[in-house]
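The values are calculated or read from the model by the stated rules, or taken from the named source; none is laboratory data. Just so it is clear, the structure is predicted and the values come from calculations on it, not from any experiment. Note: ideal-geometry Cβ built from the backbone for every residue, glycine included; neighbour counts use all protein chains shown.
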Amino acid sequence: MHHARIPFYLLAVAFLVLMSACTPQVLAQAARPGATVFEGARLITGDGSAPIENSAFVVAGNTFTQVGRGGEVRVPAGAAHVDLTGKTVMPALVDMHGHIGYQDIVKGTMSKSFYTRENLIDHLQRLAYSGVSAIVSIADLEDRSDLHGGRTNWGDVPLRVRMEVIPNAALFRTAGVGIAWPGSGPQGDPSRVDVPYPVSTVEEARKAVDDYVRMKPEFVKIWVDDRGGTKKTLTPALYRAIIEEAHKFNVPVAAHNVTLADAKELIRAGDEGWLHVPVRGGDAADDEVVALVKQRVANNNRPNMWMTPALITAWMDTQGGGKRPAWLDDPLLQALYSPEQIEEDWGAPLAKRTPKEVETARKDFQLQASNAMKLRAAGIRVVSGTDTGQNRFWIGYFNHLDLESMWRWG
């Protein structure tokens, strides 16, 4: 499957099947015309009610017509039957933090030249195959002002794809190109480093927002990260100007930041979202930052705050040390990526980790998890988001590891 475009057969329009991959026979049954009854699964409906053990649900066309316990639903005459015993069924996932479109998955490389409609759709289909119904992608390749009278002329592929409902593909939304201090935005592969608006003055920051909002992004993304002291980053004066200008257009702002000090200033400035835990990098969330969140909620001052903790890789780093994680051999992962890529990306690196490195990773994971739980209790909602799309950040499968990591941190 990883060597060519995936033939995507979704079990049902809005649901994700977990625990084991469906067999070709099951998929063929589900593809028949008319009604289909799915039986035996543990069903999580998503409305807050308790899971339904030994469930049955009927799908006719694109509609769930009945949901209940096995033996309690009326099965239409002639309906196909699919046995899901041993599996869990839940609503499809939504990913609020992706970076898709740039990667050639087969080759494991990234480039602006790969950012085509065809490649973007391939990524969206892989997400749908993995049970992801929609994604918000960030630092997408979209034409923007260069802030000096010219344009980047990067095209409008993301803006066009977000208007489409593509068969067997996740819905696509974009948070645009983002804003960062020159060179301190997306790191890793150089293909994305220059994508955000590069701003170093308040005037540039406001000018960038004024151009940015024309893309009608889901939110304005900013990077507030000095990359361990190796780069300059947006100052409080700059990100306050960005947030103030974006709010003039009623567009929310979401930040990638690291330090406790910046988290406090961003909360005071009215930032609504955080990509990653708002306090990390060895800092611990203190009483003041918790009080600032509670104050925003109590005062109804842009109270709808959220974060995508994206503690997947932090949790994955706690593995290894002589033990092979079971998820490396998951059939779903192996359907999406080649054995060689799986080993190169995570298998071999984890196998080389020493017990001391694993213990250091465990402590970092626990601190970030503690910070996330404190801020969640204060009023920042936890939303699924994986940082997927970069090399080693597996498209589709990271959404399953995100669930695992959230369970691990409570």
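Just to be sure, is Asp146 at pLDDT 95 or above and in the same structural domain as Asn62 (by TED's automatic domain parsing)?
Against the criterion (at pLDDT 95 or above and in the same structural domain as Asn62 (by TED's automatic domain parsing)), Asp146 does not qualify.
How many residues does region 74-126 contain that are out of contact with any Leu (no Cβ under 7 Å at 6 or more places or on another chain), part of a loop (DSSP other than H, G, I, E, B) and under 22 Å from Ala310 (Cα atoms)?
4
Could you list, in sequence order, all residues of region 341-386 that are among the acidic types (Asp, Glu), closer than 22 Å to Pro331 by Cα and touching a residue at least 24 places away in the same chain (Cβ under 8 Å)?
Correct list: Glu344, Asp345.
Across region 222-271, which residue is nearest to the chain's Cα centre (by Cα) among those that are polar (S, T, N, Q), assigned to a loop (DSSP other than H, G, I, E, B) and closer than 22 Å to Gln368 by Cβ?
That would be Thr259.
Could you identify the single residue in Gln66, Gln103 that is touching a Phe, Trp or Tyr at 6+ places or on another chain (Cβ under 7 Å), of a type in the set (S, T, N, Q) and more than 30 Å from Asp189 (Cβ to Cβ)?
Criteria check complete, one pass: Gln66.
Applying the selection to region 73-120, what residues are more than 30 Å from Pro51 (Cα to Cα), crowded, with 19+ Cβ neighbours inside 10 Å and among the β-branched types (Val, Ile, Thr)?
Ile100, Ile105 - these are the residues of region 73-120 that are more than 30 Å from Pro51 (Cα to Cα), crowded, with 19+ Cβ neighbours inside 10 Å and among the β-branched types (Val, Ile, Thr).
Would you call Gly48 within 30 Å of the chain's Cα centre (by Cα), touching a residue at least 24 places away in the same chain (Cβ under 8 Å) and surrounded by fewer than 14 Cβ atoms within 10 Å (Cβ to Cβ)?
So Gly48 does not fit the description; no.
I need a count of the residues in region 44-73 that are out of contact with any Lys or Arg (no Cβ under 9 Å at 6 or more places or on another chain), under 22 Å from Leu93 (Cα atoms) and assigned to a strand (DSSP E or B).
Going through region 44-73 one residue at a time, the tally reaches 8.
Looking only at region 181-204, filter to residues that are in contact with a Pro (Cβ under 6 Å, 6 or more places away or on another chain) and not in a loop (DSSP other than H, G, I, E, B); which one of those is farthest from Glu244 (Cα to Cα)?
Only one residue fits best here, namely Arg192.
Of all residues being of a type outside the set (S, T, N, Q) and in contact with a Leu (Cβ under 6 Å, 6 or more places away or on another chain) in region 360-408, which is surrounded by the most Cβ atoms within 10 Å (Cβ to Cβ)? Just the residue, please.
The extreme case among them is Gly396.
Restricting to region 95-109, what's the tally of residues that are touching a helix residue (DSSP H, G or I) at 6+ places or on another chain (Cβ under 9 Å) and within 24 Å of Met215 (Cα to Cα)?
7
Name the pairs whose Cβ atoms lie under 7 Å apart, with the first residue in region 97-112 and among the polar types (S, T, N, Q), the second at pLDDT 95 or above and buried (at least 24 other Cβ atoms within 10 Å of the Cβ), and 6 or more positions between them or separate chains?
If the second residue must be at pLDDT 95 or above and buried (at least 24 other Cβ atoms within 10 Å of the Cβ), the pairs left are Ser111/Tyr102.
Based on this model, can you work out whether Ala326 counts as surrounded by fewer than 16 Cβ atoms within 10 Å (Cβ to Cβ), small (Gly, Ala, Ser) and modelled with pLDDT of 95 or more?
no
Do you know which residues across region 172-214 are among the aliphatic types (A, V, I, L, M) and buried (at least 19 other Cβ atoms within 10 Å of the Cβ)?
Ala175, Val177, Ile179, Ala180, Val195, Val199, Ala205, Ala208, Val209
Which condition breaks for Leu120 when tested against (1) over 26 Å from the mean Cα position of the chain (by Cα); (2) in contact (Cβ under 8 Å) with a residue 40 or more places away in the chain?
Condition (1) is where Leu120 drops out.
Conditions tested, residue by residue: (1) part of a loop (DSSP other than H, G, I, E, B); (2) farther than 26 Å from Ile138 by Cα.
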| residue | (1), (2) |
| --- | --- |
| Arg280 | yes, no |
| Val290 | no, yes |
| Gln295 | no, yes |
| Ala310 | yes, no |
| Gln319 | yes, yes |
| Gly322 | yes, yes |
| Ile342 | no, no |
| Gly347 | no, yes |
| Phe365 | no, no |
